[in-house]
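These notes are about the structure you will find just below.
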Amino acid sequence: MSQDVVLLGGPGAGKGTQAQILQRQFGYRQISTGDLLREHRNNGTELGKAAEEYMKRGDLVPDALMIDMVDGELHEGESVLFDGFPRTIAQAEALDALLDTEGRGLPEAVYFDIPRSMLEERLLGRWTNPRTGRVYHEKFNPPKSAGLDDEDGGPLVQREDDKPETIKKRLDVFQAQTMPLVDYYDARGRLARIDATLAVEDVTHMLIHAIGLEHAH
Ligand code: AP5
């Protein structure tokens, strides 16, 4: 298996869903900055406290905090799926520099193309296992028993930032601050685009193809 991959897409585009599938199938490590921040918040760390207000409002947490956090997560000899990072040009430049310091090449980026109107419906119906980060959707990907995780049977919850007004803010922030990364990776010849409106398994298929994993089994 090859190299680091950045999953790029709006809130609810399916980055976490796909990262979990590829992690299980191909041994990638998923680094979800959203999950890590929620873990910090639940553990009451300084970073968690600093991030909380930004997350509640649907704003981005400051770049310096995010870059430090990701730096501390990178380990030699693993291929990472970055889920939710980078989200600004400054974060993308910092990631390139961090990977370069470790002798790793530039990451491949995959843009999850999906209209804004579909993202809202996905976020409003999302249920998550807070212990494992596993996500479901009440209509598109329901658990076997409503409100309970298929794997560990624990209760599923809705995220605090999946409320209509916060969703709108997150979508605006994505458009303004993260969309420029599509051009950033395209200009470096490192961008693939996939149709993220399709069913989960079809998106997985395209993602595997986009990062050249068809023959990795
Ligand atoms: P984060 O947790 O990263 O949230 P996000 O980017 O808004 O992404 P989501 O987790 O909402 O969506 P997803 O694409 O993973 O979709 P999912 O697979 O769950 O960030 C939260 C906050 O943390 C930010 O607002 C910010 O404050 C802070 N933060 C995090 N990283 C940061 C950074 N780098 N810099 C600064 N701040 C940062 O799918 C969504 C739903 O759709 C689920 O219900 C799923 O079951 C369903 N679904 C998935 N795929 C499909 C499909 N193909 N068809 C039908 N339904 C589907």
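The values are calculated or read from the model by the stated rules, or taken from the named source; none is laboratory data. Everything numeric here is computed off the predicted structure, so don't read it as measured data. When we count neighbours, we look across all protein chains shown, and the Cβ atoms used for this are built from the backbone with ideal geometry, even at glycine. For the accessible areas, the whole protein counts, side chains as well, though only heavy atoms, and no ligand, DNA or RNA atoms are used. Shrake-Rupley method; radii C 1.70, N 1.55, O 1.52, S 1.80 Å.
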Exercise. Kindly provide the set of residues from the stretch 196-212 that are surrounded by fewer than 16 Cβ atoms within 10 Å (Cβ to Cβ) and more than 23 Å from Pro142 (Cβ to Cβ), ordered by number.
Key: His209, Gly212
Quiz item: If we keep just the residues of the stretch 71-90 that are under 17 Å from the mean Cα position of the chain (by Cα) and away from the ligand (no atom under 13 Å from the Cβ), which is farthest from Leu37 (Cα to Cα)?
Solution: Ser79
Quiz item: Does at least one position in the stretch 58-73 carry a residue that is open to solvent by less than 10 Å² (accessible area, probe 1.4 Å) and in contact with a strand residue (DSSP E or B) (Cβ under 9 Å, 6 or more places away or on another chain)?
Solution: yes
Exercise. From (1) of a type outside the set (Gly, Ala, Ser); (2) in contact with a Leu (Cβ under 8 Å, 6 or more places away or on another chain); (3) touching a residue at least 24 places away in the same chain (Cβ under 8 Å); (4) within 13 Å of the ligand (Cβ to nearest atom), pick out the condition that doesn't hold for Pro143.
Key: (3)
Quiz item: Of all the residues that make up the stretch 31-70, how many are assigned to a loop (DSSP other than H, G, I, E, B) and within 9 Å of the ligand (Cβ to nearest atom)?
Solution: 5
Exercise. Within the stretch 100-114, work out how many residues are modelled with pLDDT of 95 or more and away from the ligand (no atom under 13 Å from the Cβ).
Key: 3
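Quick check, is Arg134 basic (Lys, Arg) and within 10 Å of the ligand (Cβ to nearest atom)?
yes
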Quiz prompt | Hey, Arg193 closer than 20 Å to Arg116 by Cβ, assigned to a loop (DSSP other than H, G, I, E, B), touching a strand residue (DSSP E or B) at 6+ places or on another chain (Cβ under 9 Å) and not β-branched (Val, Ile, Thr) or not | solution = no
Quiz item: Checking Gln23 against (1) of a type outside the set (A, V, I, L, M); (2) touching a residue at least 12 places away in the same chain (Cβ under 8 Å); (3) in a loop (DSSP other than H, G, I, E, B), which test does it fail?
Solution: (3)
Quiz item: Which residue pairs have Cβ atoms closer than 7 Å, lie 6 or more positions apart in sequence or on different chains, and pair a first residue in the stretch 51-77 that is β-branched (Val, Ile, Thr) with a second residue that is open to solvent by 70 Å² or more (accessible area, probe 1.4 Å)?
Solution: Val61/Tyr54
Quiz item: Hey, Pro180 hits all of (1) surrounded by 14 or more Cβ atoms within 10 Å (Cβ to Cβ); (2) modelled with pLDDT of 95 or more; (3) not acidic (Asp, Glu) but one; which does it fall short on?
Solution: (1)
Quiz item: Can you name the number of the only condition in (1) of a type outside the set (A, V, I, L, M); (2) near the ligand (Cβ under 10 Å from one of its atoms); (3) part of a helix (DSSP H, G or I); (4) surrounded by 13 or more Cβ atoms within 10 Å (Cβ to Cβ) that Gly12 fails?
Solution: (3)
